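We did not get these values from a lab; they are worked out from the coordinates using the rules stated. Not measured: the values here are computed from a predicted model.
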C-alpha cells in the first residue's frame, strides 16, 4: 500500500505573533515553525497502516525552502521518502494549493492519500476535499479510525453530539484526519540518522505544469483580538449563582 501524506508547515503554537506592517498577515521574520498538528496525526495514521500492512509512506509538502525541517521530521518519524514542492504558498487559496498538490500526487498513483482536517494557521478545512475532487477519488472527512479491508477500507467518522459513522470505501481514496486519532510518536535517534539518507525530491509548480492562478480569497486585514473587561452579576442564591458562573466559564469563556 502506497500512502501519500500531505503535510504543512505552520507557525509554532508558542510563537509570539506580531502583525506585519501591511496589516494583512503576521510578521514571519523571527517565527519558529512546526508541522501542522492535524497533519501530524495524518502522518501517524499512515505510519501505523504501513506497520500493519507494509508498503510505503511518502510525505508531500508544498512550501518554501524553510519547510525542509518539517520534512526531515516526517522522515525521521518513519516516512520512506518525501516530495518538496518549493513554492511560497502564502498567496494560494485552497483551490490553488490543491491543484499543485494534485499534480504531484498524480505522478505517484497512491492507494491512499491522507491530509489533516484543517491547518492551524488559516483553518479553511477545504484543501483535502478539493484535492479529492481534483483527483476524482472517493473521500471521507473527520476520520477517527481507519481499517484495511480486502479491496478497500472502513473508516470511522466523527459526527455531531457524540455520534459516529462507519463507512466502507474502495481504494484509492482520500481521507482528512481528525486530531487526536492516536498518540503521536517521537522521532528516535536512529530515525533521525536514517532521515539524512532518505530521498527528498525537490520540484516546483512549474515542473508539474501548474501555473499559479489569481487567488479567489483575499485576506484584507489581520488583527489581534480586542480585549475588553466586563462585569456581570449573577442573581439568585449562592448555589444558583455558582451554576450560572460554571455555565458561562464552560460555554462562553471555554476555560473549563
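The table below gives the values:
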| quantity | calculated |
| --- | --- |
| Rounded tilt (10° steps) of 68-77 against the dominant C-alpha axis of the chain | 80 degrees |
| Mean Cα-pair separation over length for the stretch 2-203, i.e. relative contact order, pairs under 8 Å, 6 or more apart, % | 26 percent |
| Rg/Rh ratio calculated on Cα atoms of the chain (Kirkwood radius) | 1.04 |
| Listed residues 96, 132, 32, most fluctuating in the chain (Gaussian network, C-alpha, under 10 Å) | 32 |
| Between the stretch 113-143 and the stretch 16-79, the alpha-carbon center distance in angstrom | 15 Å |
| Tilt relative to the chain, helix 37-53 - C-alpha long axis, 0 to 90 degrees, to 10 | 40 degrees |
| Of all DSSP beta bridges in the stretch 2-203, antiparallel share, percent nearest 5 | 40 percent |
| Of 210, 246, 155, the one that fluctuates the most in a GNM where the chain has Cα springs shorter than 10 Å | 246 |
| Cα gyration tensor shape for the stretch 189-234, rounded if a/c is under 1.5, else prolate or oblate | oblate |
| GNM flexibility winner over the chain from 240, 133, 51 (Cα, springs under 10 Å) | 240 |
| Centre separation in Å (Cα based) which lies between the stretch 152-187 and the stretch 195-256 | 23 Å |
